[in-house]
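Bear in mind these aren't lab numbers, they're just calculated from the coordinates by the rules spelled out. These numbers come from a predicted model, not from an experiment. Quick reminder, even Gly has a Cβ in these numbers, built from the backbone with ideal geometry, and neighbours come from all protein chains shown.
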Amino acid sequence: MSCSGANVGDDSQRSCAQVQLKVVGLGWPRTGTGSLCDALEVLGLGPCYHFRNLLRFEQNWSFWDLAFAESNRTRRAELVLVALQGYASAADVPTACFWDELLHAQEIGLLPASVRFVLPTKSAEDWYDSAESTVLGGWKSPKPSSYGQGSRAIVSNHTRRMSDVWYRLFGHERLQLPQDRGIALAAYQSHQEDVNRRAVPESLIHWAPAQGWTGLCRPLGLPEPKVAFPWRHQRDKGVSDLLAGRSFLSLIAAQPIQASMFF
């Protein structure tokens, strides 16, 4: 079975056979996904697909849009692999939204058995403490009721897409924080448990971000680079507002979007 029959626009000739994925991170935002992506590229496992790719090139959403809308599990897996074509690794959302489809793809031969999945071992409480003030920060404010006339179309697309992401993670398009803290914690913990239960043990790498190179290189069978691990620890309120569905254009007007500060 392959994706060669993916009749989607001008890219229908791309197939799963062309996917070069070797490592896929299944962790949520704020579990070290940016550091993981940078580290994999240093290790020669790049380019690495990350959410920041979508901020730079909005057209890259096309296959993700189709995957979010697709009801068939195998077809969703095919669309995700087409979206990741040309990348040796991936981490963060929207990739992690389709963790089940990616594991399914390996089970049915769309991904080779040699692909390794990385699950960061950050605790639910530590994750929430980090996410609540960054990527989920906008949920502490009321949902905006309207936008300026010129920004409506852009905000509408952004809000719809982020609603798809959040629904896949939380089962809700939007939470109200801190009231829904328990829902967020339970969803995160369920994700960790589901991945551990579903993944083939030989394919799964448990990585605590604090382990740096050792926690990645040893299970991947690679030597540790003689350079510092590429940590990304910065947090940025503007990014949290963007991801929670607030005014996209107002953020651009206020400051440049620094994708490197996301996760």
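Considering only the other residues whose Cβ falls under 12 Å of the Cβ of residue 46, what net charge follows from Lys and Arg at +1 and Asp and Glu at -1?
Details: positive: 22; negative: 38, 41.
In short, -1.
Please work out the FRET efficiency for the pair residue 125 and residue 62, using the Cβ-Cβ distance as r and a Förster radius of 45 Å; give the result to the nearest 0.05. List each step's numbers first, then the result.
Details: r = 37 Å, r/R0 = 0.82.
Once rounded, the FRET efficiency stands at 0.75.
For residue 103, what charge total do you get from the other residues with a beta carbon under 15 Å from its beta carbon, if Lys and Arg give +1 and Asp and Glu give -1?
Taking every other residue near residue 103 into account, the sum is -1.
Between residue 197 and residue 211, 0.36 nm times their residue separation minus their Cα-Cα distance comes to what?
Values: separation 14, 0.36 × 14 = 5.04 nm, distance 2.30 nm.
Difference between extended and current length: 2.7 nm.
Please compute the modelled spin-label separation between residue 160 and residue 172, points set 7 Å along Cα→Cβ, answer in nm with one decimal.
About 2.4 nm, to one decimal.
Report P(r) for the range 33-125: all Cα-Cα distances, bin width 10 Å, range 0 to the bin holding the largest distance, values in whole percent.
Result, from short to long distances: 15, 49, 32, 4 percent.
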